[in-house]
Every structure is written in C-alpha cells, then in structure tokens.
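Q: To start, I am sharing the structure in question, which I have written as structure tokens.
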Amino acid sequence: MTGTSLHIHAEPLFSTPLVIDRVADNGDATRAIEETLTARGKVARVVGMPVRIDWGDAWPAALAPVIDHARTLASRATAAANGQAAQVDWRVAAQGYEIAAAEHLELVPDYEAYWRYLYIVDDGYGGGADQGPGGELRFIDPRLPAPMMEAARLRLKIAPGPPPIFYEPEVVLRPGSGSVLMFPGWMQVRHTSLTAAATPRRIIVISLVAPLGDA
C-alpha cells in the first residue's frame, strides 16, 4: 500500500483579472445621472430595488470622458491572440444606478460583454471610513459547483499550510468614490445593502463588447 507524500503541492488554476483604476469625477458623471433622473421626473422606487438608468449606446455627452476611459482601459488590458496589441472597436452600453439604503443590486453575468467597467461616482460614505454603512461589493466565482454548495462545511485547500489557505468563492471589496473596477463580463457582482447612515450611492456600469473578428 502506497501513501501520499508528506509534502504535497496544490496549484491554483484559472486566474481571473480584476483591473483597478481611479477616475476623478469633475462633476460630469454626477451631472449626467442627475439630469437623467430629473428628466424622468419623480421615480417611484420599488422596495429593495435601486433606480436604474439604461442609457444603452445613447449616453449623454457628459459621460464621454468616462466612456473614453473605459475603452482605453479595456484596450490596455486586452491583447491579440499572437501577443501583440489588440485593435478593438469596443461597442459600449452604459447604465447608471442610484442605490439607497436597504436596496439590493445584483449584476448578473453579461456573457456578450468581454469586459465590464464599474465606476463608483459617489460611494455614499461622505468621505467617512466607518465600515458600518455596508455597501461592499461581492465578486462571486460563477464556477462554484453544486457539490461545494451542498457540502458547505467543507473547504478546498489551495495551499496545505500550516496554516492552510482555502479557496474562497467570493471576494469582498469596499471601493470608494472615484474607484474603477473592470472585470470579465462573465463575473457576477453583488452589491450589499447600505444602511440608513449612508446617502444614496451612484455608480455607472459599462459593458464593453468586442465585435466578432476584432483583433
């Protein structure tokens, strides 16, 4: 009978890129959201749901700098299959969200998008560092298989330790105003509820689609 080696090696597979940047809002993004909300008149909020602005590919001119930054960042984070710089004419669709206390937002995977770009225009914290108001972003691995969900008491070890390092199906981030997070379109992102201590949060989500045949 042969036992395992005392020294085993575990190699994490399938890394997922998360591109982090910052954009200082000079007021254009805030103005674009406010003007759109004003034009729509008083919106009846659905309990637990944020207000959504679906600009699609007809975003206001004030958002042009943000759209340009999203395209530039996506091109810098993408390469052609031969390793050379990719020339991509990104097709863009944009949405804005205003998220108040106790409202829930879930960005389900957008399988058409190559990248998704999330811009925190106003985090709702008013510059405070208090962790109490909530509003964290949970990046969820969509590959999480049913056996792991059903055997919630068990964990995969990606490094034996000691102490061991476990595989985590979620990564929690708390980005502030001006933060940009760009990730593959197939990622799922869940926004945890803000408490009454926070003012409404405003974010912009941009889907970047690579036309077929682009390289």
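The values are calculated or read from the model by the stated rules, or taken from the named source; none is laboratory data. Keep in mind that what you see is a predicted model, and the values were worked out from it rather than measured. Here the Cβ is made from the backbone with ideal geometry for all residues, glycine too, and neighbour counts use every protein chain on show. We work out accessible area using only protein heavy atoms, side chains counted, and drop any ligands, DNA or RNA first. Shrake-Rupley method; radii C 1.70, N 1.55, O 1.52, S 1.80 Å.
Q: Would you pick out the residues in region 153-172 that are small (Gly, Ala, Ser) and either surrounded by 12 or more Cβ atoms within 10 Å (Cβ to Cβ) or within 18 Å of Phe14 (Cβ to Cβ) (or both)?
A: Ala159
Q: Out of region 71-113, which residues are farther than 22 Å from Ile140 by Cα and in a helix (DSSP H, G or I)?
A: Correct list: Arg71, Thr72, Leu73, Ser75, Arg76.
Q: Can you run down the residue pairs with Cβ atoms below 8 Å, 6 or more apart or on separate chains, where the first is in region 155-173 and over 14 Å from Asp141 (Cα atoms) and in a strand (DSSP E or B) and the partner is open to solvent by 70 Å² or more (accessible area, probe 1.4 Å) and among the aromatic types (Phe, Trp, Tyr)?
A: Lys157/Phe166; Ile158/Phe166
Q: A follow-up question, please. Provide a single number: the residues in region 58-72 that are hydrophobic (A, V, I, L, M, F, W, C) and surrounded by fewer than 19 Cβ atoms within 10 Å (Cβ to Cβ).
A: Residues flagged as hydrophobic (A, V, I, L, M, F, W, C) and surrounded by fewer than 19 Cβ atoms within 10 Å (Cβ to Cβ) within region 58-72 amount to 4.
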